[in-house]
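Everything below concerns the one structure shown next.
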Amino acid sequence: MLCQFTAKNYRSLKDEATLSMLAVEGLSEHRESLIQDTDQTLFLPITAIYGPNGGGKSTVLDALYSLCFKVMNPIAAAIEGTGKRPSDSFSYKIIPYVLDDTSPKEPTEFSLVFRTVGYEYEYNLSVLNDAIVSESLYHKKILNGRYTRVFTRENGKFSLVQSLGRLLNKEERMTISPSLPLLSYLGIINSQHAVIHDVISWFKGKINFLDYKDSFREHFMHLPEDGWMKETIRDFLYAMGTDIRDYRLEKMEGNSSEQFHVKIFTKHVVHEKEYWLELHQESSGTIKIFNSLPHIIGALKNGGALIVDELDAKLHPALLQYVLRLFSDRNINTHGAQILFTSQDVMTMTSENFRRDEIWFVAKNVDEESQLYALSDFRGENGEKTRKDAAFSKQYMEGRYGADPFFKKMIEWRN
């Protein structure tokens with residue numbers, strides 16, 4: 001379960017920006033869609049970030065991706081023999097705010113709170129010029145627990161819980177690269193330690209970033225060739241109105257730069273006659289659905305968090321609403337899956353689709369610093385909160401929520 005994420009001094013996020021997936025107390029709408037953990041804490045299944053182009057929507061997701069990549073890339077390199085392939089949709093480089101004289105000299109700070117079965121974790125990481133300035137991991141039992149230290153790292157000095165401290169003598173601690181997170185190092189040398197295994201398993205299997213800009217998407221899409229996943233994808237495709245009845249994969253020999261090439265064919269039935277088309281002959285929206293569904297269904301099946309930049313791009317608003325209903329329907333989303341995405345589709349920004357705490361905005365101020373806030377926290381000129389039955393999209397387009405979707409100044413065209 002993704003609970004909360006904070007970033008500071010990351011690109012346009014100069015000041016601390018926190019995105020919370022905890023349900024706000026006192027909101028009565030769509031309570032039936034909330035995810036309830038064993039301690040009765042309620043979490044959001046959906047979070048959407050809106051704002052103008054260049055306002056910082058993608059930056060929020062990039063910050064989360066950068067943290068996950070920083071932790072998991074060394075583990076993938078050490079265990080699998082190759083590092084994680086950087087996403088084309090998300091940035092993995094940790095770059096501070098550069099529009100003043102002091103921020104580039106200060107560290108970028110991340111804080112991530114998440115839950116596994118029975119435990120809640122808080123992981124903090126501070127990075128400057130790719131070197132670790134500080135790092136810490138705390139955990140607690142979800143039921144009647146309090147946070148205790150797993151490890152801390154401050155300016156090259158380490159403090160670890162006893163069961164981990166025995167793994168690292170003084171000489172070994174001195175050899176840890178300044179750019180390598182201690183969490184990554186522990187995941188490499190002792191992945192079976194109960195706490196480390198629990199944390200790394202969450203990073204590896206419970207948070208997934210959907211890459212829409214991958215130019216090799218048709219070659220490497222995670223489409224199953226048979227089994228329950230294929231049956232589910234086939235049912236979803238038809239329910240979404242794509243008229244695709246089935247699909248098949250054909251593996252072919254690749255060139256020197258790839259082990260194999262995959263061609264995907266889709267089945268259509270017209271006047272009781274079957275026709276098979278190559279996927280590239282389908283619309284870009286249909287291709288995007290093919291790329292999305294394995295990740296969406298995987299999240300629903302495993303209870304993970306799916307992170308998507310521009311979920312609405314090339315998707316009809318009805319399809320976007322269909323995807324949102326999959327996560328908000330507790331009869332379908334039985335494992336507590338979550339989806340966090342950016343969007344420009346204001347047609348979907350309605351009280352029928354969202355709670356007020358599920359809608360977030362991000363926009364830049366006069367210093368080009370991105371500000372992040374939820375609709376549930378927004379106050380109008382009269383100091384009142386937005387009503388749950390308000391016309392969210394209309395008020396957003398009118399600029400009432402601060403993240404004005406229009407140009408601040410229209411270009412003056414002259415003949």
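Which of the helices in the chain, when you take each full DSSP H run, stretch at least 27 Å along the axis at their Cα atoms and have an average Kyte-Doolittle score of 0.5 or higher?
Span-like helices in the chain: 57-79.
Per DSSP helix of 4 or more residues, -39500 (n - 2.57); summed, then divided by the residues of the chain. What does that give at 222 nm, rounded to the nearest 500?
For the chain, the value works out to -7500 deg cm²/dmol.
How big is the charge dipole of segment 1-106 about its Cα centre, in debye rounded to the nearest 20, if each Lys and Arg gets +1 on its Cβ and each Asp and Glu gets -1 on its Cβ?
Result for segment 1-106 is approximately 480 debye, rounded to the nearest 20.
Pairs LYS57/LYS140; LYS14/LYS388; LYS57/LYS394; LYS70/LYS288; LYS8/LYS141; LYS364/LYS394: which exceed 23 Å Cα-Cα?
Cα-Cα > 23 Å for LYS57/LYS140; LYS14/LYS388; LYS70/LYS288; LYS8/LYS141; rest within.
Is there a quick way to get the dipole size of the chain? I mean about its Cα centre, with the Cβ of Lys and Arg at +1 and of Asp and Glu at -1; what is the value in debye to the nearest 20?
In total the dipole reaches around 640 debye.
Using Cα pairs under 8 angstrom and six or more residues apart, how large is the relative contact order of the chain, in percent?
Relative CO of the chain lands at 19 percent.
Relative contact order of segment 260-348, please, whole-number percent, based on alpha carbon pairs below 8 angstrom and at least 6 residues apart.
Taking the mean separation of contacting Cα pairs over the length of segment 260-348, I get 27 percent.
Length gain on complete extension for the stretch ILE79 to VAL269, per 0.36 nm per residue less the alpha carbon to alpha carbon distance?
Fully extending the segment from ILE79 to VAL269 adds 63.8 nm.
Just to verify a number: FRET efficiency for LYS141 and VAL98, C-beta to C-beta distance, R0 = 41 Å, to 0.05?
For LYS141 and VAL98, the calculated efficiency is 0.45.
Mean-square fluctuation check for the chain, GNM, Cα pairs under 10 Å: which of GLU310, GLU135, GLU272 is largest?
Highest fluctuation of the listed residues: GLU272.
Suppose the chain between ALA131 and LEU22 were pulled fully straight at 0.36 nm per residue; how much longer would it get relative to their current alpha carbon spacing?
36.1 nm
Please build a GNM for the chain, connecting alpha carbons under 10 Å apart, and tell me which residue among ALA78, ALA374, ALA63 fluctuates the most.
Highest fluctuation among the options: ALA78.
What spacing in nm lies between the two simple spin-label points modelled at SER284 and SER191, each 7 Å away from Cα in the Cβ direction?
3.8 nm
Over segment 38-180, what is the relative contact order in percent, taking alpha-carbon pairs closer than 8 angstrom and at least six residues apart?
13 percent
Projecting each Cα onto the charge dipole of segment 274-415 (Lys/Arg +1, Asp/Glu -1 at the beta carbon, about the Cα centre), which of ALA391, GLY298, PHE361 comes out farthest on the positive side?
So the residue furthest toward the plus end is ALA391.
For LYS251, which aspartates and glutamates qualify as cross-link partners when the Cα separation must be under 12 Å and same-chain residues fewer than eight apart are set aside?
Within the straight-line cut-off, LYS251 pairs with GLU218, GLU225.
Read-outs throughout are calculated quantities, based only on the coordinates presented, and are distinct from any laboratory measurement. Source: prediction; values computed, not measured. Backbone-built Cβ (ideal geometry, glycine too); neighbour counts: all protein chains shown.
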